[in-house]
1. Select from region 69-83 the residues that are of a type in the set (S, T, N, Q) and at pLDDT below 75 and list them in ascending order.
2. Say we look at region 13-33 and pick out the residues that are outside any loop (DSSP other than H, G, I, E, B) and out of contact with any Pro (no Cβ under 9 Å at 6 or more places or on another chain); which of these is nearest to Pro45 (Cα to Cα)?
3. Out of contact with any Ser or Thr (no Cβ under 9 Å at 6 or more places or on another chain), assigned to a helix (DSSP H, G or I) and at pLDDT below 90 - does that describe any residue in region 52-60?
4. Please find, within region 34-44, the residue that is nearest to Pro7 (Cα to Cα) out of those that are assigned to a loop (DSSP other than H, G, I, E, B) and at pLDDT 85 or above.
Amino acid sequence: MAKYAMPELEILPIHEKCNGCLKADDLTCSIYANPSAQWRFGFCPMATHLIAIAPSTETKRKRRPGQQKQLKRKASGKNYGRK
C-alpha cells in the first residue's frame with residue numbers, strides 16, 4: 001500500500017441547479033464529487049448551461065496625476081505663470 005493513499009470520495013447526486021448541464025451524467029457530476037458545494041456561492045464555475053455576465057465597465061476613466069493637476073488649475077482659473 002502506498003504511503004499516502006487517497007481516501008475514497010463519496011459521490012453525491014447532482015444539485016437541482018445542475019439540471020441541463022453537459023457535465024452531469026444521469027444523477028452524478030463528472031467534475032465534482034459534491035456538486036452542491038459548488039452552488040454555495042451562487043454559481044458553479046463549471047456549469048455549461050449558464051451564461052456568464054461580465055461586470056459593467058462603466059467606471060470613471062483613470063487619469064494620471066499630471067492630468068488631475070491640470071484639470072484643477074483649469075477649474076480654479078489660476079495660471080501659475082503659464083499662458
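The values are calculated or read from the model by the stated rules, or taken from the named source; none is laboratory data. Since this is a predicted model, take the numbers as computed values, not measurements. Every residue, glycine as well, gets a Cβ built from its backbone with ideal geometry; the counts of neighbours run over all protein chains shown.
1. The answer is Asn79, and nothing else.
2. Glu16
3. no
4. Here the answer is Asn34.
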